[in-house]
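Each remark here refers to the structure printed beneath this line.
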Amino acid sequence: MRRGFPVARAGQSVGLLGGSFDPAHEGHVQITLAALQRLRLDRVWWLVSPGNPLKPRGPAPMEERIAAARAVMRHPRVAVTDIEARIGTRYTAQTLRRLQQLYPGVDFVWMMGSDNLVQLHRWQDWRQIMDTVPACVFARPGTRLSARLSRAARVYRGARLPAHAAERLVRAAPPAWAYLNLPLNPASSTEIRAREAIARSRGPEAVKPLAVAAGDAAD
């Protein structure tokens, strides 16, 4: 495997949690640990994206986001990686196809919050995402109902596994997905950034704890 790329062997299962991680927080950790346990994954990779095409505001510099993510997520089976920037993919569907080429025999599972399921039909080649790898959706505040009524959920309703069978996702042929409920926290990365902006106006010492202290479901 190329230098700087995360490691996975044929036959292993890897959960992929993509996002800007701007900033990373305890909600990402919660989802990751739940996925390792409930999906019986061998690894989880945090795919820190260069940018989000659906967000008008650009994220913080990649190096800062990766460093913050690694400070928050310390687990021997979790890798924080900039592999999307290294392989030059812009959209999730492209990333998934390229990862399958780079890691033949590895079973990937796409992980996302229920808020992402609500807007998945707006993503580039969104059906290819669902048709390329199994997906696990984690409940987020305010989108439990809208996620289940979303276009993607309706289109792929026949491919949904019950939550108690979520560990079967790893070996399931796509399209296949499951919806998992977790304890919810109403905070979000957007709110964390807003609080940081307020804290910066009060001085640098007020900023430091915010990015890593607030719990949240992933975004």
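Other residues within the sphere of radius under 13 Å centred on the Cβ of residue 39, judged by their own Cβ, net out at +3 (K and R +1, D and E -1). A cut-off of 5 Å between modelled amide H atoms, ignoring neighbours fewer than 5 places along the same chain, links residue 109 with 14, 15, 16. Stokes-Einstein diffusion for region 115-167 at 4 °C, viscosity 1.567 mPa s, with a Kirkwood radius from C-alpha pairs, works out to 112 µm²/s. With the simple model of a label 7 Å out from the Cα in the direction of the Cβ, residue 164 to residue 37 spans 1.9 nm.
Remark: region 135-146, residue by residue, has Karplus-estimated 3J(HN,Hα) of 10, 10, 9, 10, 4, 10, x, x, 10, 4, 6, 5 Hz, where x stands for each Gly or Pro and the curve is 6.51 cos²θ - 1.76 cosθ + 1.60 at θ = phi - 60°. For a paramagnetic label modelled on residue 9 (point 7 Å from Cα along Cα→Cβ), amide N atoms under 13 Å away belong, within region 90-116, to 106. The string of couplings for region 177-183 from the Karplus curve (6.51, -1.76, 1.60, θ = phi - 60°) is 8, 9, 10, 10, 8, 10, x Hz, one whole number per residue in order, with x for Gly and Pro.
For residue 177, nonlocal amide neighbours, meaning residues 5 or more places apart or on other chains whose placed amide H falls under 5 Å from its own, are 135, 160, 161. Extending 7 Å from Cα along the Cβ direction at residue 173 and again at residue 98 yields two label points whose distance is 2.9 nm. The overall shape of region 68-190, judged from the alpha-carbon gyration tensor, is rounded, with an a/c ratio under 1.5.
With 0.36 nm allotted per residue and the present C-alpha distance subtracted, the residue 70-residue 146 stretch has 24.2 nm of extension available.
Any read-out appearing in this document is the output of simple, stated calculations on the displayed coordinates, not a laboratory observation. Model, not experiment: these values are computed from the prediction. Glycine also receives a Cβ, built like all others from the backbone with ideal geometry; neighbour counts cover every protein chain displayed.
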